[in-house]
Amino acid sequence: IPAPLARAPGMEVMARDSDAEMAAREPAAPARRAQAMFEYYELVGRVLKVLRDRALLTQTELAEAVGLTQGSISRYEGGATAMALTVETLAVVCDRLKTSPGRILTLADTVAGAARDRGIPVLMGDEPPPAPGVFWVRARESTIDDLIRDALGYR
């Protein structure tokens, strides 16, 4: 039996509601769940990274070869939206990687299709979540890299 509550003269003791009683008064919050996704610009950046790795170039070496900073290459490969890759920059980078912008975008399209086949949406912009209570989370970069390697036919 719990010890009696000490109270100051003139103070009333209020009983504490149980957790169940408090929960019964609170409106139920809708269930929320995460949905993994990619953004298309991330796929393009990750394709560039995989091809740069295959060319045995560091970010610094590629940056110096095309007149950019290592930080810019890092942001492009990481899919930073603030560092949108221009067509001109993509062409210069692709030239150094001995590929074409068309091949990069074709690979990104192939990877986007493979991701969708696995139930991972690929967003093209600021799409809202697919249903109430669902929120977007970024899928792992390693998942994108695996899909790219599959599309290229190597692991």
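The values are calculated or read from the model by the stated rules, or taken from the named source; none is laboratory data. What you see is a predicted model, and the numbers here were worked out from it, not measured in a lab. So basically every Cβ, Gly included, is an ideal-geometry build from the backbone, and we count neighbours across all protein chains shown. Please note that ligands, DNA and RNA were not included when accessible areas were found on the heavy atoms of the full protein model with its side chains. Shrake-Rupley method; radii C 1.70, N 1.55, O 1.52, S 1.80 Å.
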Residue match in region 114-129 (condition: open to solvent by 60 Å² or more (accessible area, probe 1.4 Å), under 17 Å from Arg149 (Cβ atoms) and assigned to a loop (DSSP other than H, G, I, E, B)): yes
Region 71-98 - residue that is surrounded by 13 or more Cβ atoms within 10 Å (Cβ to Cβ), touching a residue at least 12 places away in the same chain (Cβ under 8 Å) and among the polar types (S, T, N, Q) and, of those, farthest from Gln59 (Cα to Cα): Thr89
Residue within region 92-100 that is under 14 Å from Gly45 (Cβ atoms), in a helix (DSSP H, G or I) and at pLDDT 85 or above present: yes
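Which one is nearest to the chain's Cα centre (by Cα) among residues in region 103-141 that are within 12 Å of Val47 (Cα to Cα) and among the small types (Gly, Ala, Ser)?
By that ranking, first place goes to Ala112.
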Pairs with Cβ under 7 Å, 6+ apart, first in region 99-116 and within 23 Å of Arg140 (Cβ to Cβ), second assigned to a helix (DSSP H, G or I) and aromatic (Phe, Trp, Tyr): Ala108/Tyr40; Ala112/Tyr40
Members of region 39-73 that are over 19 Å from Thr110 (Cα atoms) and at pLDDT below 90: none
